Each structure stands twice: as C-alpha cells, then as structure tokens.
Amino acid sequence: MTALAGILARRIAAAGPLSLAEYMAECLLNPAHGYYATRDPLGAAGDFTTAPEISQMFGELIGLCLAQSWLDQGAPRAVLAEAGPGRGTLMADIWRATRGVPGFHDRVTIRLIEASPVLRKAQAKRLTGAPVDWLESLDALPEAPTWFVANEFFDALPIRQFRRDGDGWREVVVGLQGDALVPGLSPRAPLAELQHRLADTRDGDIVETCPAARPAIEAVAGRIARQGGAALIVDYGDWRSKGDTFQALENHAYADPFARPGQADLTAHVDFEALARFAVPLSASALMPQGVLLAALGIETRAARLAQSLDGAALDAHIAAFRRLTHAEEMGTLFKALALVPDGAPLPPGFAARSAAKDDG
Ligand code: SAH
C-alpha cells in the first residue's frame, strides 16, 4: 500500500466515499505524496512522453502558428501563457522558433501556470534568459491580450464520472473494501448538468465531466474576448465525452488507477465540446486531428530540412519522431487541437473553420 492509499483509506472510513475528482486531485497534487508534486514524470525514465518531448518540430510549428495569430491581430503587447508546461520544452521551442518574428520577443512576456515545484524548476532552467514568470492559477493572468497554449494539461484535471440509470445518474465514487480502495456507485440522482446527455446515451453508459476545466477556460476566454488573443489546446480526447476514459499510466504501461495512488499518472480524455462551451463568446475552430494540423503547418518541409543535417541513428530517430507525431496509428488521430479566438478574428494558421453540421458530431 502506498502512503497516500493509507491516508485516503482513513479519510473514506471517517467521512465516506470520495468522488473520482477528489481522488484524482489527491493522487496528482497532494503536496507530500501527489504524483506531479513529487517528481518529473516525463521522458524515457518517467511514465509517459509528450509531443514536445518527442521532437522540437512540435513546439516550432505551434510557436509560428501562435506568432502568426499575434501578427494577424496587430502585434500588440501581449502575454504568452502556458498551462502545465511540463519540463518547459514546448515553451523553449516556441521561444526559439519565434526569434525571427519582428517585434514578438520585444512585446511578449511569458506566464506559466504550473502546480508542481519540481517541474517549475525544470522550466526555469529550460527558459533561462526568456521573460518568464509563474502564476498560481489562470485567474491570476494579467488583463492583457493573451495567446494561450496547453498541451496535455486538460487531461490531467480531475474528472467526475456518472453512469446513466433510467433518467438519472449514479456517480462513480471511490470507497473501501477491507483495506483496498475500490470504485463504487452513489445513489441515483437527476443532474441538470447532464440533462442534454439523456438524448445520446443509454442505460449503463458512462459520461465524464471535468469541473476544474470550466474556471480554467473561463479565465483565459474572458481575457481573450476582452483584449484579443487566441487559445490553442492540444490533447487526447474527442468532441464529446462518452464512456470510461479514466486511466493510469506507470512506466509507460497502463495500470489499475486504484492500486497505487500517487505513484501512477491519472488522466482522462478531454471533452472538447465542453471546453468550447465554457469559452463562449469565443468562437471555436473545427477540432483538428494533430496529424492534420501539423501537416497544414508544414511539418513535412520542416522534417526534411532537419533531416539534411542528420544521418545514422539520429536520422532514424528523427523519422520515427515525425511518424509518432503525425501518423494515424500513433498520435496523429487520437490527439486533437482546438483553437479559440474572439468572434470575427481570423483562426490561427492550419485550423479549419467549424461547420455547423458538426455541432452534434
Ligand atoms: N505540457 C507538458 C506537460 C504535460 S503533463 C508537455 O506537453 O510535455 C501535465 C502538466 O500539467 C504538468 O506540468 C503538471 O505538473 C501540470 N498540472 C497538472 N495539474 C495541474 C494544475 N491543476 N494546475 C497547474 N498545473 C497542473
């Protein structure tokens, strides 16, 4: 049993079952035992790897996409904000790639929103020399034109799960069986928030919600709506959440999410429709498969250019990284990107407009 499992078991014994969101928040961010609070989970030695850690091309293309959007809106003094920056690799690549964009480095300052002290240190190291500072939450963003980026941030926010039962819902909760933490179901209750899902679910179906996503998106969207800017969100998930996507990763392999709390990364797929709804009045782009977006931003040309100076094992690794980021059987389709802009502003390059027919899709 992990130290955190003991703590949670005592809490459940005293006060009753936890929602999945409470459980997930403790597992990820408990200051003494939480997964992110206590380690750098990224890379080969960690539990998972992410697009910016796979290749510099990801951050370079995202950086030029953001910078073009900034130019399209008149190149104002602005904040470049990132939530959950991990090791700082994405922002370092963005910053390097935008060196040549006239005025960008003079007029833009970087703000990072990061919960983990371990990762804040890594970010400071990667971004030495850049105009960077850290904020406790997205609410603390200054009132300024804001270009926002988040890669694999929203999947780490705690979710609640509900199982449909007739016209009501039973919440998935974490309880105790002997010493072991086990999932269970709360009594059935109606739920206004999920009323619209009665139309596309059946008895027994699972639907997930992410309560923390709402204030996060609202904080960013409010600034962008008032001041200008854009948000660019990349993650795994789909337009609408359906089914159980709660998962644990440990040493690059799937694990039981209740077995070793605090020792495994816990995530859930992102419900992009919910993000787009919380972001109103901003307008949302079409939901772009990562592979399609990177192709539109010119990853093939960039990959070929980088390949010219590589050979042997380094060239093989570069080709594998290109495939991993873009191929449908790797990250190309599972990962999606959504852009949010003020009503009437141009979408960032690479993003297609949303067709009304897709509203329910
Ligand atoms: N964007 C990075 C890291 C993704 S991992 C990459 O692509 O490599 C998730 C990141 O979100 C980590 O940096 C983690 O510490 C951070 N994080 C998770 N929950 C958070 C929260 N509630 N507030 C701020 N940061 C959080």
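Annotation: aspartates and glutamates with alpha-carbon distance below 13 angstrom to Lys121 (same-chain offsets under eight excluded): Asp40, Asp133.
Heavy-atom accessible area for His196, with the other protein chains in place and a 1.4 Å probe, reaches approximately 80 Å². Ordering 125-132, 297-304 by mean Cβ neighbour count within 10 Å, with the highest value first, yields 297-304, 125-132.
Every helix of 4 or more DSSP H residues in the chain counts as -39500 (n - 2.57), and over all residues that averages to -10000 deg cm²/dmol at 222 nm.
Full extension from Arg77 to Arg39: what is 0.36 nm times the residue separation minus their Cα-Cα distance, to one decimal in nm?
10.2 nm
Rolling a 1.4 Å probe over the protein chains gives Val182 an accessible area of about 40 Å².
Counting only protein heavy atoms, what percent of the accessible surface of the stretch 1-41 is carbon or sulfur at a 1.4 Å probe? Carbon-and-sulfur percentage of accessible area, whole number: 59. Convex hull volume of the C-alpha atoms in the stretch 1-125, normalised per residue: 131 Å³. Across the chain, C-alpha contacts under 8 Å between residues 6 or more apart give a mean separation that, scaled by the residue count, equals a relative contact order of 20 percent. Considering the chain as a Gaussian network with a 10 Å cut-off on Cα pairs, which listed residue, Leu287, Leu119, Leu198, attains the greatest mean-square fluctuation? With Cα springs under 10 Å in the chain, the top fluctuation among Leu287, Leu119, Leu198 is at Leu198.
So in the chain, what percent of DSSP beta bridges are antiparallel if you round to the nearest 5? In the chain, DSSP labels about 60 percent of beta bridges as antiparallel.
Taking all Cα pairs closer than 8 Å and separated by 6 or more residues, the relative contact order of the stretch 190-310 comes to 25 percent.
Ranking Asp265, Asp72, Asp200 from most to least accessible surface, computed with a 1.4 Å probe over the protein chains only, gives Asp72, Asp200, Asp265. Remark: the chain carries 43 Å² of accessible area per residue (probe radius 1.4 Å; ligands, DNA and RNA excluded). Using a probe of 1.4 Å, the accessible surface attributed to Arg214 totals some 120 Å² when neighbouring protein chains are kept in position. The share of accessible area on the stretch 89-155 that comes from carbon and sulfur is 53 percent, using a 1.4 angstrom probe. Ordering Ser283, Leu66, Gly204 by the projection of their Cα atoms onto the charge dipole of the chain, which places +1 on the Cβ of Lys and Arg and -1 on the Cβ of Asp and Glu, puts Leu66 at the extreme positive end. A straight line joining the Cα centroids of the stretch 49-118 and the stretch 225-245 runs 18 Å.
Between Val149 and Ala81, Glu82, Ala83, Leu232, the built amide H atoms are under 5 Å apart, and every one of these is 5 or more places off in sequence or on another chain. Specify whether the C-alpha gyration tensor of the stretch 147-255 places it in the rounded, prolate or oblate class, a ≥ b ≥ c being the square roots of the eigenvalues: rounded for a/c under 1.5, otherwise prolate if a/b is larger than b/c and oblate if not. Here the stretch 147-255 falls in the oblate category. Other residues with beta-carbon under 12 Å from the beta-carbon of Leu66 carry, at +1 per Lys or Arg and -1 per Asp or Glu, a net charge of -4. Counted over all Cα-Cα pairs of the chain, pairs farther apart than 35 Å make up 24 percent.
Quick one: grab the alpha carbon gyration tensor of the stretch 183-311, order the square roots of its eigenvalues as a ≥ b ≥ c, and give me rounded if a/c is under 1.5, else prolate or oblate depending on whether a/b is larger than b/c. Cα axes put the stretch 183-311 in the oblate bin. Listed by chain and number, the aspartates and glutamates placed with their C-alpha closer than 16 angstrom to that of Lys242 are Asp155, Asp165, Glu171, Glu193, Asp200, Asp203, Asp205, Glu208, Asp271, Glu273, Asp359, Asp360; residues fewer than eight positions away on the same chain are left out. Averaging the Cα positions of each part gives two centres, and for the stretch 256-284 and the stretch 300-342 these lie 24 Å apart. Anyone know which of Arg163, Arg197, Arg260 comes out most mobile in the 10 Å Cα GNM of the chain? The residue with the greatest mean-square fluctuation here is Arg197. Working from Cα pairs under 8 Å separated by at least six residues, relative contact order for the stretch 47-181 is 26 percent.
The values are calculated or read from the model by the stated rules, or taken from the named source; none is laboratory data. Note that the structure is a prediction, hence the values are computed from the model and not measured. In this analysis, Cβ positions are derived from the backbone assuming ideal geometry, glycine residues included, and neighbour counts consider all displayed protein chains. Heavy atoms of the whole protein, side chains included, go into the accessibility calculation; ligands, DNA and RNA do not. Shrake-Rupley method; radii C 1.70, N 1.55, O 1.52, S 1.80 Å.
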